[in-house]
Amino acid sequence: MTELRDELIRLTCDLIRFETIADRPDQLQAAIDYVADYLADVPGIQIEKSCVADKPTLVVTLQPTRSPRLMLNGHLDVVVGQPAQFVPEVRDGRIYGRGSQDMKGSIAVMIRLIRNLAQRPNPPDVGFQFVTDEEIGGRRGTGRLRDEGWRCDFMLCLEPTDLGIMFEHKGGMWAQLRIPGRAAHGSRPWEGDNPVYRLMQGIQAISERYPPPTGPHDWRTSVTPTEIRMGAGSRNQVPAEALVTFDIRWTADTTPETIQADLAAAFPDAEFISVMASAGLRTDPEHLEVGRIADIVERHIGHTPRFYREHFATDARYYSHIGIPAICLGPVGAGLHSAEEWVEIASLTSLYQILLDYIDTM
């Protein structure tokens, strides 16, 4: 167990050093190459590399198939951080650094697991997806792999869950609207048409139609204005237009089409500049495979794992959207996307053993 712990620390720290943000394709590729190099001497595995729009992926299977029984999924990309966050630090039983929790610790578990499983006389029917664009939507990573025919019977996305089971999360939608106006001198507002007032009225109408959730357990659709732009840089000018962007997280009791219609009603003279929607994650928590892995988690942590729903999105949605059960299960940590992110080392070894025990039941 000490050897496993030490290797997971080393692998996680090595991966943190790659500045795998969206606009560093060289670092995204370097991280994928690191994974491939680590596995280069592992006999019998199938490796497929691909890259679209500077977003590389790597898929590993232990059998010659594009549809393994179990697929493990992880992303190597991270959100932007300060330079010091890409210098890992190990202290107090934790690994600190950008992506330690989300989710380079899980990637370390995945690649160490491949080495173990591939050495068996009869390797199990398991696949591993490594992608590099989850933080910006996953369309060229997990979404593309799905569309290219990669399938499975069950997917485990190793996002950080504190060893709980996330079986559902909201769908996402982003809409930008342009509200037209007519420019005029600020001292002669009657000569213009100020779109700011209609912007205010529209936001008020949307907030009444979709009241903002009051906390993490308030499970409802949220339509949140996140960007407002207007004016041409002159403080004495009525703006010619106003632009507003909404970050929308929708639950199963509504649809993107309904929300777009409600936005159109709240902003009747607005033009939709862009609309992008993505599905949510929805897997039956009573599914047989979910129950099996929950029992194994319970044996390792000593109590029933937390089953929960989340407000943000993960790549697991790409598979549940086509009817393949998928859940998120990952290590303990904190500081997701924050100035001080960490993952608990003991939970990485626990996650490794949980996955190994679950695979042994297949």
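The values are calculated or read from the model by the stated rules, or taken from the named source; none is laboratory data. All of these numbers come straight from a predicted model, not from anything done at the bench. Quick reminder, even Gly has a Cβ in these numbers, built from the backbone with ideal geometry, and neighbours come from all protein chains shown. Heads up: the accessible areas ignore ligands, DNA and RNA and are worked out on the full protein's heavy atoms, side chains in. Shrake-Rupley method; radii C 1.70, N 1.55, O 1.52, S 1.80 Å.
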Discussion item. Please list, in order along region 276-291, the HN-Hα scalar couplings obtained from phi with the Karplus expression 6.51 cos²θ - 1.76 cosθ + 1.60 (θ = phi - 60°), rounded to whole Hz, x for Gly and Pro.
Written reply: 9, 10, 9, 6, x, 9, 8, 10, 4, x, 8, 4, 4, 5, 5, x
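When the helix-only estimate is applied to the chain (DSSP H runs of n ≥ 4, each -39,500 (n - 2.57), divided by the residue count), what is the mean residue ellipticity at 222 nm, nearest 500 deg cm²/dmol? Write down the numbers at each step before the final one.
Numbers: 9 runs with 110 residues, N = 362.
Only helices count here, giving -9500 deg cm²/dmol.
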Discussion item. Could you tell me the extents of region 35-81's C-alpha atoms along the three principal axes, largest first, rounded to whole Å?
Written reply: 37, 24, 19
Worksheet item: Hey, if you put +1 on the Cβ of every Lys and Arg and -1 on every Asp and Glu Cβ in the chain, which of 330, 319, 185 ends up farthest toward the positive end of that dipole?
Response: 185
Worksheet item: If contacts are Cα pairs under 8 angstrom and at least 6 residues apart, what is the relative contact order of the chain in percent?
Response: 23 percent
Worksheet item: For region 162-214, what D do you get in µm² per second when you plug the Kirkwood radius from alpha-carbon pairs into Stokes-Einstein at 10 °C and 1.306 mPa s?
Response: 106 µm²/s
Worksheet, complete the sentence: Computed over region 239-327, the relative contact order (Cα-Cα under 8 Å, seq sep at least six) in percent reads 31 percent
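Taking every DSSP beta bridge that has both residues in region 9-164, what percent is antiparallel when rounded to the nearest 5? List each step's numbers first, then the result.
Working: 14 of 24 bridges.
So the antiparallel bridges in region 9-164 amount to around 60 percent.
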Fill in: Ranked order, 38, 358 - accessible area, probe 1.4 Å, largest first
38, 358
Item to complete: Could you run the Karplus curve 6.51 cos²θ - 1.76 cosθ + 1.60 with θ = phi - 60° over region 309-319 and give me ³J(HN,Hα) per residue in whole Hz, x for Gly and Pro?
Response: 10, 10, 8, 8, 9, 9, 5, 4, 4, 4, 8
Discussion item. Using only the alpha-carbon atoms, what does region 128-196 span along each of its principal axes? Please give whole angstrom values in decreasing order.
Written reply: 65, 31, 18
Item to complete: Using only the alpha-carbon atoms of region 9-149, report the extent along each of the three principal axes, biggest first, to the nearest angstrom.
Response: 43, 35, 21
Worksheet entry | ³J(HN,Hα) computed for each position of region 223-231 - Karplus, 6.51 cos²θ - 1.76 cosθ + 1.60, integer Hz, glycine/proline x | 10, 10, x, 10, 9, 9, 10, 7, x
Worksheet item: From the list (i) 1.00; (ii) 1.04; (iii) 0.95, can you say which value of Rg/Rh (Cα atoms, Kirkwood Rh) was derived from the structure given?
Response: (ii)
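Counting each pair of different Cα atoms once, what's the Kirkwood radius of region 271-362 in Å, rounded to one decimal? Each step should come with its number before you reach the end.
Numbers: mean 1/r = 0.0649 Å⁻¹.
Kirkwood radius, region 271-362: 15.4 Å.
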Worksheet item: Gap in Å between the Cα centre of region 2-55 and the Cα centre of region 146-162?
Response: 18 Å
Discussion item. Taking the Cα of residue 357, stepping 7 Å toward and past its beta carbon, and measuring to each backbone N in region 278-320: which are under 20 Å?
Written reply: 286-308
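Normalising by the residue count of region 67-173, find the relative contact order in percent from Cα pairs under 8 Å and 6+ residues apart.
On the way: 127 pairs, mean separation 47.9, N = 107.
RCO, region 67-173: 45 percent.
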Worksheet item: If each of residue 226 and residue 115 carries a label point 7 Å out from its Cα toward its Cβ, how far apart are those two points in nm?
Response: 3.8 nm
Worksheet item: Which whole-number percent of Cα pairs in region 196-299 have a distance greater than 17 Å?
Response: 64 percent
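Just the number, please: percent antiparallel of the DSSP beta bridges in the chain, rounded to the nearest 5. Could the numbers behind the result be given before it?
Details: 50 of 67 bridges.
Of those bridges, close to 75 percent are antiparallel.
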Worksheet, complete the sentence: Residues whose modelled amide H sits under 5 Å from the amide H of residue 164, counting only those 5 or more places away in sequence or on another chain, are 330
Worksheet item: So how much slack lies between residue 252 and residue 40, counting 0.36 nm per residue of separation and subtracting their Cα-Cα distance, in nm?
Response: 72.0 nm
Worksheet item: Over region 71-145, what per residue volume does the convex hull of the Cα atoms give, in whole Å³?
Response: 97 Å³
Worksheet item: Build a GNM of the chain with springs between Cα atoms under 10 Å: which of 333, 291, 280 gets the top mean-square fluctuation?
Response: 291
Worksheet entry | Residues of type lysines that residue 170 reaches as a straight line, Cα spacing below 30 Å, ignoring anything fewer than 8 places off in the same chain | 55, 104
